[in-house]
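The values are calculated or read from the model by the stated rules, or taken from the named source; none is laboratory data. What you are looking at is a predicted structure, and each value in this text was computed from that prediction instead of being measured. No Cβ is skipped: glycine too gets one built from the backbone with ideal geometry, and neighbour counts run over all protein chains shown.
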2 protein chains.
Amino acid sequence: MKSHFHQQLEALRMIVLQMAAKTERAMERALKALNERDEVLAQEVIDGDQEINELELEIDRLSLKLLALEQPMARDLRFIVGSIRMSIDLERIADQAVNIAQRAKFLCQRPPLEPLPALQRLADTAMDMLRVAVASFMNGNVNQARDVCQMDDDADEMNSRVLRTMIEYMIEESRTVERAVQTIIVARCLERVADQTTNIAENVIFIVDGVNIKHHCET
Amino acid sequence: MKSHFHQQLEALRMIVLQMAAKTERAMERALKALNERDEVLAQEVIDGDQEINELELEIDRLSLKLLALEQPMARDLRFIVGSIRMSIDLERIADQAVNIAQRAKFLCQRPPLEPLPALQRLADTAMDMLRVAVASFMNGNVNQARDVCQMDDDADEMNSRVLRTMIEYMIEESRTVERAVQTIIVARCLERVADQTTNIAENVIFIVDGVNIKHHCET
């Protein structure tokens, strides 16, 4: 039979996974709203953020309680501190989903710009990174976590490509300026999601191996 | 005589304050490089980021050690967890300083745009928030921390104002597009600094009063 402490740790793990699933879904829906020009869906993403914020508070409360009452050691301690960090990153990724949904609402009301393959690839990369990072947390899989760190360079490159293309548009045709600026902001949001996902992956490596690879993700 | 544990807590506090001072200085220098078109200074900010990253790792190590060996309770526990959170925010503010320094390097090499009062006010607000937030941590002053949360609305408003002005520039005169886009990015970096500073202030309230006001900063 599991001890009370291990039941509580398991409960913490479940809340973190729930927050991760909701954040993943918020990102997916924000990108769908952007692609399909769906203003109603965009608004749903914005309204749903409150629920994700509440899960962050719940993770904080439970983590602190476990740290105070149970005097955890080694991997249990790293898991609890890692859960606090993970909730910070998930909350910020969910904020980026809200930000993208706000841009989607603006862009819905204007004629579409040309499709942008670099933006699509950036969105795909950011979502892949997020899914793999969450899976690596779920399975304690350090190799998956290391894969996430490798993918971040591609996200940076795609973000620069979107920026260059949008600058060309704006120079050629001043009517595109407002839409191009909103698109640049979407790309930067996605690039930030990629960065925050890299933090999650580093955090998984910290929990599992007790090694801090922050700022040395390549090692 | 202070116990060994309290000496270690004091050492943690000193490293956090050192990291805060270096981050404040990086932001000040990045903004100076931008205003005075000083490419050498911008490069110094970029090169100096490594030192701030190392302080984050040191805070992580010491906090974990204290959590594992000393079984802290109540305010001491909140202080240690709060220090981990604070180092995350400071590191991200320092990253924004690097980002601003990169834009400054780009903008130095082009003719200056008209002075932008909204950008200057945004920079002043973000720096005020950062200074007050760090002071509130240093003195455990909850009232100062609450002041910081109030200032964030002004930062959001100034960021929107810069965005609108830059869009007008680009529509009127396509030669300004590249510089205007870089300026929009600077304003967004500053707005993020304001957000991350608000996180620091919320964290101070959590450490001192044990109350979590995340997502309810106005209360």
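So here's what we get for this one:
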| item | result |
| --- | --- |
| Some residue of the range A:187-201 being among the aliphatic types (A, V, I, L, M), surrounded by fewer than 21 Cβ atoms within 10 Å (Cβ to Cβ) and either assigned to a helix (DSSP H, G or I) or at pLDDT below 95 (or both) | no |
| Residue match in the range B:120-130 (condition: outside any helix (DSSP H, G or I), closer than 18 Å to B:ASP154 by Cα and among the hydrophobic types (A, V, I, L, M, F, W, C)) | no |
| Pair list, Cβ < 7 Å and 6+ apart or interchain, from the range A:1-22 residues that are within 18 Å of A:ARG78 (Cβ to Cβ) to residues that are exposed (fewer than 14 other Cβ atoms within 10 Å of the Cβ) | none |
| Positions within the range A:202-212 being assigned to a loop (DSSP other than H, G, I, E, B) and either under 30 Å from A:PRO112 (Cβ atoms) or touching a residue at least 12 places away in the same chain (Cβ under 8 Å) (or both), in sequence order | A:GLY210 |
| Which listed residue is over 30 Å from B:LYS214 (Cα atoms), buried (at least 20 other Cβ atoms within 10 Å of the Cβ) and of a type outside the set (Gly, Ala, Ser), from A:LEU107, A:LEU90, A:LEU113 | A:LEU107 |
| Test: residue in the range A:135-147 that is buried (at least 16 other Cβ atoms within 10 Å of the Cβ), hydroxyl-bearing (Ser, Thr, Tyr) and within 14 Å of chain B (Cβ to nearest Cβ) | no |
| Residues (loosely packed, with under 13 Cβ neighbours inside 10 Å and outside any helix (DSSP H, G or I)) located in the range A:1-54 | A:MET1, A:LYS2, A:SER3 |
| Test: residue in the range A:157-171 that is crowded, with 19+ Cβ neighbours inside 10 Å, within 23 Å of A:GLU91 (Cα to Cα) and not aromatic (Phe, Trp, Tyr) | yes |
| Residue check for B:ILE46: within 11 Å of another protein chain (Cβ to nearest Cβ) and among the aliphatic types (A, V, I, L, M) | no |
| Residue pairs meeting the criteria (Cβ under 7 Å; at least 6 apart or on separate chains; first more than 9 Å from every other protein chain (Cβ to nearest Cβ), in the range B:164-191; second among the charged types (D, E, K, R) and surrounded by fewer than 21 Cβ atoms within 10 Å (Cβ to Cβ)) | B:ARG179/B:ARG110; B:GLU191/B:ASP156 |
| Residue count for the range A:64-81, restricted to those that are facing chain B (nearest Cβ under 8 Å) and assigned to a helix (DSSP H, G or I) | 7 |
| Yes/no for A:ALA180 being crowded, with 24+ Cβ neighbours inside 10 Å, more than 23 Å from the chain's Cα centre (by Cα), in a helix (DSSP H, G or I) and not aromatic (Phe, Trp, Tyr) | yes |
| Residue in the range B:101-117 that is within 11 Å of chain A (Cβ to nearest Cβ) and assigned to a helix (DSSP H, G or I) present | no |
| Failed condition for B:VAL162, given (1) touching a helix residue (DSSP H, G or I) at 6+ places or on another chain (Cβ under 6 Å); (2) closer than 26 Å to B:VAL16 by Cα | (2) |
| Matching residues, the range A:57-75, being of a type outside the set (A, V, I, L, M, F, W, C) and surrounded by 18 or more Cβ atoms within 10 Å (Cβ to Cβ) | A:ASP60, A:SER63, A:GLU70, A:PRO72 |
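Conditions (1) among the hydrophobic types (A, V, I, L, M, F, W, C); (2) under 30 Å from A:GLU168 (Cα atoms), marked per residue:
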site: B:ARG110; (1), (2): no, yes
site: B:GLN120; (1), (2): no, yes
site: B:SER160; (1), (2): no, yes
site: B:GLU172; (1), (2): no, yes
site: B:ARG175; (1), (2): no, yes
site: B:GLN182; (1), (2): no, yes
site: B:ARG188; (1), (2): no, yes
site: B:ASP195; (1), (2): no, no
site: B:ILE207; (1), (2): yes, no
